[in-house]
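Any read-out appearing in this document is the output of simple, stated calculations on the displayed coordinates, not a laboratory observation. Bear in mind the structure is a predicted one, so any value in this text is a computation, not a measurement. Here Cβ is always computed from backbone atoms with ideal geometry, including for glycine, and neighbour counts include all displayed protein chains.
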Amino acid sequence: MITPLLHSIQSSTQILGIGRSSLYGLIGEGKICTVKIGRRTLIPDREIRRYVESLTTLQDGMIVDGARE
């Protein structure tokens with residue numbers, strides 16, 4: 001199965017397991033970038049993956065820092 005290059009807001013919330021308001025908050029904070037095609041707001045698959053990777057990197061850093069203290 002081929003992964004779509006762009007996801008709707010609805011499918012992005014399902015992929016991330018968060019609500020619409022939380023997703024729009026992340027978009028507003030610049031943590032997730034979007035593209036517009038006509039009136040549709042879409043999120044590139046690479047943006048979702050990048051955001052999740054940034055979370056795991058931050059958490060790994062906190063665990064390492066916490067273990068050092």
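With contacts defined as alpha carbon pairs under 8 Å and 6 or more residues apart, what's the relative contact order of the stretch 6-68 in percent?
Numbers: 44 pairs, mean separation 20.2, N = 63.
The value is 32 percent.
How large is the charge dipole for the stretch 6-68, taken about the Cα centre, if only the Cβ atoms of Lys, Arg (+1) and Asp, Glu (-1) carry charge, to the nearest 20 debye?
Its charge dipole is roughly 340 debye.
I want the local charge near Ser12. Using Cβ-Cβ distances under 11 Å, sum +1 for each Lys or Arg and -1 for each Asp or Glu among the other residues.
Details: positive: Arg20; negative: Asp45, Glu47.
Cβ neighbours under 11 Å give a net charge of -1.
P(r) for the chain: what percent of alpha-carbon pairs falls in each 10 Å bin, starting at zero?
19, 46, 22, 10, 2, 0
When only DSSP loop residues count, what trypsin sites (Lys or Arg not before Pro) in the stretch 18-59 have their Cβ near at most 11 other Cβ atoms within 10 Å? Spell out each step's value before the answer.
Values: sites: Arg20, Lys31, Lys36, Arg39, Arg40, Arg46, Arg49, Arg50; in loops: Lys31, Arg39.
Qualifying residues, ordered by number: Arg39.
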